[in-house]
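Notes follow the structure.
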Amino acid sequence: QVQFVESGGGLVQPGGSLRLSCTASRIMFRIYTMGWYRQAPGKQRELVARITSGLSTDYADSVKGRFTISRDNAKNTVYLQMNGLKPEDTAVYYCNLGGGNLLSWGQGTQVTVSS
C-alpha cells in the first residue's frame, strides 16, 4: 500500500516561511503528477499546487507567487516552499497524486500562521 509521510509544519508568524516535505513509498514516484493539498477547519480539502513528471507546475490562485512546489525523484519526495504566509494559510497540509484517483492520505502536517 502506498504511504505518504508529510513533515515540516509548525507555528509561524504572518509573513514567515516554511518548507514542507512529503516522502512517498511503494509507488513509482517519478511517473506521477504530485500535489499538495490543504484542509482548514470546517472547509473541504483543496489542491494548492501540483507538479508533473516533466516539472510543470500549477498553483491555486490563493497561493500563486508565494508557494513553490518542487520534487526530488531520487528521494521520492515532493516539497512545498511557502513564503509570505498568511493566517488564511492555516490548515493541515497533505500530499497525494496531483489528480485522478487519489491514493490513501497520510497524516498530514499542521501549519498554523498566527501572531
* Structure fact -> Residue pairs qualifying under the 6 Å Cβ cut-off, at least six apart or on distinct chains, with the first in the stretch 11-33 being closer than 14 Å to Ile69 by Cβ and the second being open to solvent by less than 30 Å² (accessible area, probe 1.4 Å) and part of a loop (DSSP other than H, G, I, E, B), are Thr33/Gly98
* Here are some conditions: (1) closer than 15 Å to Cys22 by Cα; (2) surrounded by fewer than 20 Cβ atoms within 10 Å (Cβ to Cβ); (3) among the β-branched types (Val, Ile, Thr). Ile69 meets all but one. Which one does it not meet? -> (2)
* Asked: Restricting the search to the stretch 30-43, which residues are under 17 Å from Leu97 (Cα atoms) and exposed (fewer than 15 other Cβ atoms within 10 Å of the Cβ)?
  -> Arg30, Ile31
* For Val78, indicate whether it is hydrophobic (A, V, I, L, M, F, W, C), out of contact with any Gly (no Cβ under 6 Å at 6 or more places or on another chain), under 30 Å from Ser115 (Cβ atoms) and not in a strand (DSSP E or B). => no
* Asked: What number goes with the only condition from (1) out of contact with any Gly (no Cβ under 9 Å at 6 or more places or on another chain); (2) open to solvent by less than 70 Å² (accessible area, probe 1.4 Å); (3) among the hydrophobic types (A, V, I, L, M, F, W, C); (4) within 17 Å of Lys86 (Cα to Cα) that Ile27 does not pass?
  -> (4)
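The values are calculated or read from the model by the stated rules, or taken from the named source; none is laboratory data. Every value quoted in this text rests on a predicted model; they were computed, and no experiment measured them. Glycine gets a Cβ as well: all are built from the backbone with ideal geometry, and neighbour counts include every protein chain shown. Remember, those area values only see protein heavy atoms, side chains included, never the ligands or the DNA or RNA. Shrake-Rupley method; radii C 1.70, N 1.55, O 1.52, S 1.80 Å.
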